[in-house]
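Worksheet: one structure, shown below.
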Amino acid sequence: MSCESSRPAAANEFGSPNRIKGEAIAKPESRQIVHFTDSTAEYKTSRSELAKAFIREFGDGTVVDKVQVRKAPVSEGEPVSYYLIGMGLRNGMFRAMALPLTSGGDNTYYLRPAAERYILTSVGCPACFFNFENGRIVGTTCSENSGGSSCDMKVVTTNTLFAAR
């Protein structure tokens, strides 16, 4: 006698159904955010549209008044990575959200619907900063070291920045 240890044919190792040959699976498209030239960053999605999208994504009354694309610090020889960052206030407290961008290979960067969100919320801190290690966000820092001030970070595995509502 032997014991069967295989999984059912209908699921892969992540529990999702196997694709049927020829089946069309609808996926939301990545959104083109920025194209870098030799001297400037040309936003392909306007900053005002990005700010409105961040406000919807926060969904808690946070007013985003600054949007930027920033290069993450990396070690020499490591691939370059960029983040789309929205910053603003909610009830007088600093808030920020960062989403990693994916390279299109031609100095154009896209936001994928499956990109994670890094959300900062200050507690008595005038501004918070993302801490990076090898191009990835690993923590936060408060702009001043006064007692009781902190920056809390939450990581959410997906985003709906440009999802149809």
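The values are calculated or read from the model by the stated rules, or taken from the named source; none is laboratory data. Everything numeric here is computed off the predicted structure, so don't read it as measured data. Note that each Cβ is placed from the backbone with ideal geometry, even for glycine, and that neighbours are counted across all protein chains shown. Accessible surface is based on the protein model in full, side chains and every heavy atom, while ligands, DNA and RNA are left aside. Shrake-Rupley method; radii C 1.70, N 1.55, O 1.52, S 1.80 Å.
Please work out if residue 141 is of a type in the set (Val, Ile, Thr), farther than 20 Å from residue 68 by Cα and modelled with pLDDT under 95.
no
Need the failing condition index for residue 46 against (1) open to solvent by less than 70 Å² (accessible area, probe 1.4 Å); (2) of a type in the set (S, T, N, Q); (3) at pLDDT below 90, just the number.
The number of the failed condition is (3).
Since residue 80 meets every condition but one in (1) among the β-branched types (Val, Ile, Thr); (2) surrounded by 14 or more Cβ atoms within 10 Å (Cβ to Cβ); (3) out of contact with any Asp or Glu (no Cβ under 9 Å at 6 or more places or on another chain), which condition does it not meet?
The failed condition is (2).
Is there any pair linking a residue in region 58-71 that is closer than 13 Å to residue 98 by Cβ and open to solvent by less than 60 Å² (accessible area, probe 1.4 Å) to one that is β-branched (Val, Ile, Thr) and modelled with pLDDT under 95, with Cβ under 6 Å and at least six apart or on different chains, and which?
69/34
Can you pull out every residue in region 108-165 that is surrounded by fewer than 15 Cβ atoms within 10 Å (Cβ to Cβ), of a type in the set (S, T, N, Q) and not in a strand (DSSP E or B)?
134, 143, 145, 146, 157, 158
Go through (1) closer than 30 Å to residue 44 by Cβ; (2) modelled with pLDDT of 90 or more one by one and return the number of the condition residue 104 breaks.
(2) is the only condition that residue 104 fails.
Given 98, 51, which one is assigned to a strand (DSSP E or B) and under 16 Å from the mean Cα position of the chain (by Cα)?
Result: 98 is the single residue among 98, 51 that is assigned to a strand (DSSP E or B) and under 16 Å from the mean Cα position of the chain (by Cα).
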